[in-house]
Each structure stands twice: as structure tokens, then as C-alpha cells.
Ligand SMILES: [Zn+2]
């Protein structure tokens with residue numbers, strides 16, 4: 001399983017934590033919110049590698065030549081398949 005770096009940041013105080021797993025980040029977020037009543041936000045810095053690959057294959061990064069037309073993750077339109 002790919003590591004996910006999730007930053008938990010409180011909007012109402014200096015509370016700030018970084019977690020490798022989404023589940024732990026959610027626990028930390030919920031714990032701080034329930035303890036203090038603060039508004040806690042989180043930021044996911046890295047997606048699972050499969051999601052990152054799908055995004056790269058789709059050319060979401062916007063860089064020319066980034067699209068991977070051979071990607072099995074995408075349903076590219078191929079005229080040959082219609083025969
Ligand atoms: Zn707080």
C-alpha cells in the first residue's frame with residue numbers, strides 16, 4: 001500500500017500533525033475537534049500511487065507528452081476496436 005502523507009491543521013490554534021495514513025489523520029482530526037471544538041482541516045499531500053498513475057496517464061498534469069495512450073486505466077477511443 002502506498003504511503004499517504006496527510007497534514008492535519010487546526011484553523012483555530014497552532015495544532016498541526018502529519019500522518020502517513022489517512023485513517024490515523026482522521027482519528028487525530030476527530031480527537032482534536034471533539035476535545036477543543038476547533039475547526040480542523042486536513043491536506044492530502046500524496047495520493048496512492050495507482051491514483052497518481054491514473055492522473056498522469058490521463059494527462060491531468062497538463063504537460064505535453066504526458067498522456068499515456070497505452071494505459072489500461074483509461075478507456076481510450078480506438079477506431080480499430082469498432083471493426
Ligand atoms: Zn485547535
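With respect to the conditions (1) part of a helix (DSSP H, G or I); (2) at pLDDT below 90, residue 46 falls short on a single one, namely (1).
Of the numbered criteria (1) modelled with pLDDT of 90 or more; (2) part of a helix (DSSP H, G or I); (3) more than 9 Å from the ligand (Cβ to nearest atom), the one residue 41 fails is (2).
If you filter segment 1-22 down to residues that are surrounded by fewer than 13 Cβ atoms within 10 Å (Cβ to Cβ) and modelled with pLDDT under 90, you find that the one that is nearest to the ligand (Cβ to nearest atom) is 20. What about residue 76, is it at pLDDT below 95 and assigned to a strand (DSSP E or B)? No, not satisfied. Going through (1) loosely packed, with under 12 Cβ neighbours inside 10 Å; (2) at pLDDT 95 or above; (3) in contact with a strand residue (DSSP E or B) (Cβ under 9 Å, 6 or more places away or on another chain) one by one, residue 35 falls short only on (3).
The values are calculated or read from the model by the stated rules, or taken from the named source; none is laboratory data. Because the structure is a prediction, the values reported are computed rather than measured. Neighbour counts run over all protein chains shown; Cβ positions are idealised from the backbone, glycine included.
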